Amino acid sequence: MVDWKKYAPFSTLIIFGNIENLILASQGAAAHVNPIILSILSLLAVIIWFLIGTYGTKMAIKYSDYIEIIGGVAIIILGIKAMLEGAGII
């Protein structure tokens, strides 16, 4: 049985990570990237993050607050960049 309480500090990062994946996928779609290639790369990214998350959590749990802040800021920056690119501003 999985002890979900030890993963609680990363719960918002998981949500933001899913949003980031959607942002990156929309950037690829807006750039007219081949959807098959985009799907394969997206699946590879998810698998890599799953492995990092699974094996890195034990080491990173003491830094979870910092990781969550840095991840949240990065996701906000990527989201703003995607919106500006979508609007044709940059």
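Ordered by 1.4 Å accessible area with all protein chains kept, Lys5, Lys81, Lys62 run largest first as Lys5, Lys62, Lys81. Label sites at Leu51 and Trp4, each approximated as a point 7 angstrom past Cα along Cα to Cβ, lie 2.7 nm apart. The share of accessible area on the chain that comes from carbon and sulfur is 76 percent, using a 1.4 angstrom probe. Taking amide H atoms as placed 1.01 Å from N in the peptide plane, the amide H of Val33 has no partner under 5 Å among residues 5 or more positions away or on other chains. Per residue, the chain exposes 79 Å² of solvent-accessible protein surface, assessed with a 1.4 angstrom probe and all protein chains in place. Let me make sure I get this right: for segment 46-90, a, b and c are the square roots of the gyration tensor eigenvalues over alpha carbons, sorted descending. Under 1.5 in a/c it's rounded, otherwise prolate if a/b > b/c, else oblate. Which is it? Cα axes put segment 46-90 in the oblate bin. Spacing of the modelled spin labels on Ile90 and Ala74, each 7 Å from Cα toward Cβ, amounts to 1.7 nm. Please state the shape class of the chain: rounded when a/c is under 1.5, otherwise prolate if a/b exceeds b/c and oblate if not, all from the C-alpha gyration tensor. Oblate, because a/c is 1.5 or more while a/b does not exceed b/c.
The values are calculated or read from the model by the stated rules, or taken from the named source; none is laboratory data. Given the structure is predicted, the values throughout are model-derived calculations rather than measurements. Here Cβ is always computed from backbone atoms with ideal geometry, including for glycine, and neighbour counts include all displayed protein chains. Ligands, DNA and RNA are stripped out before the accessible areas are found, and what is left, the full protein with its side chains, is counted by its heavy atoms. Shrake-Rupley method; radii C 1.70, N 1.55, O 1.52, S 1.80 Å.
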